[in-house]
Every structure is written in C-alpha cells, then in structure tokens.
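The values are calculated or read from the model by the stated rules, or taken from the named source; none is laboratory data. Remember, it's a predicted structure, so these values are computed and weren't measured experimentally. All Cβ positions, even for glycine, are placed from backbone atoms using ideal geometry, and neighbour counts span all protein chains on display. Side chains are part of the model used for accessible areas, which takes the heavy atoms of the whole protein and leaves out ligands, DNA and RNA. Shrake-Rupley method; radii C 1.70, N 1.55, O 1.52, S 1.80 Å.
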Amino acid sequence: MDRVAKLASQKAVVIFSKSSCCMSHAIKRLFYEQGVSPAIYELDEESRGKEMEWALMRLGCQPSVPAVFIGGKFVGSANTIMTLHLNGTLKKLLKDAGALWL
C-alpha cells in the first residue's frame, strides 16, 4: 500500500496498468490525447506488481487496472475516468493537478 501511495504522488497523473489490458490501453490513450503525460506502471512488468495489484484492490479499485490517480488521489478506473471525460470534469481535475496548462 505504501509503495502505491508513494508512486501515485510522484507525478500529476499516475496510471497503474497491465500491458495486456485493452481498457488500460484506452485510458492511457485518452490521457495522451488530452496532452497529458502520465507516469505509467505496468503491473505485469513490475517485480512487485502482484503486491501493488492487491493494494489497489484494497483501495477499492475493482478491477485492479486501470487505476488512475490525479494529484496523488485515487480517482477510479476506466468507467469513472470515461464518465468524468464525457461530463467535462476530467479537464478541470487535470488542470487543478497541474497536468494541463491550458
């Protein structure tokens, strides 16, 4: 849990993902298209990935990936991020966290 919290606070946007997950790919692409350069941690490529995945599930992320943190706070997974994007509040969160300049 401590490792996830530490990594999540190191950049304005942090995504915990799996390289084989299509929803993770879609969420990463969404952020890139918004002009955001998130820190991405592929749990299936991390030496402590399983441990981090369990920590994300304990935070309430079901499924465990993609897990998105903005401004060091857990925002949600794909469904939540897409909802925020569609209702227009994602951009404000990104600006408030310093991930977007415009």
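Hey, could you check the stretch 42-52 for residues that are in contact (Cβ under 8 Å) with a residue 24 or more places away in the chain and not in a loop (DSSP other than H, G, I, E, B) and say which is least open to solvent (accessible area, probe 1.4 Å)?
52
How many residues, within the stretch 17-41, are not small (Gly, Ala, Ser) and not in a helix (DSSP H, G or I)?
7
For the stretch 10-24, name all the residues that are of a type in the set (Gly, Ala, Ser) and loosely packed, with under 13 Cβ neighbours inside 10 Å.
19, 20
Are there any pairs, at least 6 apart or on different chains, whose C-beta atoms fall under 7 Å, with the first in the stretch 15-29 and of a type in the set (Val, Ile, Thr) and the second part of a loop (DSSP other than H, G, I, E, B) and open to solvent by less than 30 Å² (accessible area, probe 1.4 Å), and if so, which?
Pairs that qualify, where the first residue is of a type in the set (Val, Ile, Thr) and the partner is part of a loop (DSSP other than H, G, I, E, B) and open to solvent by less than 30 Å² (accessible area, probe 1.4 Å), are 15/38; 15/66; 27/66.
Scan the stretch 25-40 for residues that are open to solvent by less than 40 Å² (accessible area, probe 1.4 Å) and more than 15 Å from residue 85 (Cα to Cα) and jot them down.
38, 39 - these are the residues of the stretch 25-40 that are open to solvent by less than 40 Å² (accessible area, probe 1.4 Å) and more than 15 Å from residue 85 (Cα to Cα).
Which residue, of 65, 14, is among the aliphatic types (A, V, I, L, M), in a loop (DSSP other than H, G, I, E, B) and under 19 Å from residue 2 (Cα atoms)?
The match here is 65.
Of the residues that make up the stretch 12-19, is at least one under 16 Å from residue 98 (Cα atoms) and of a type in the set (Lys, Arg)?
There is no residue in the stretch 12-19 that is under 16 Å from residue 98 (Cα atoms) and of a type in the set (Lys, Arg).
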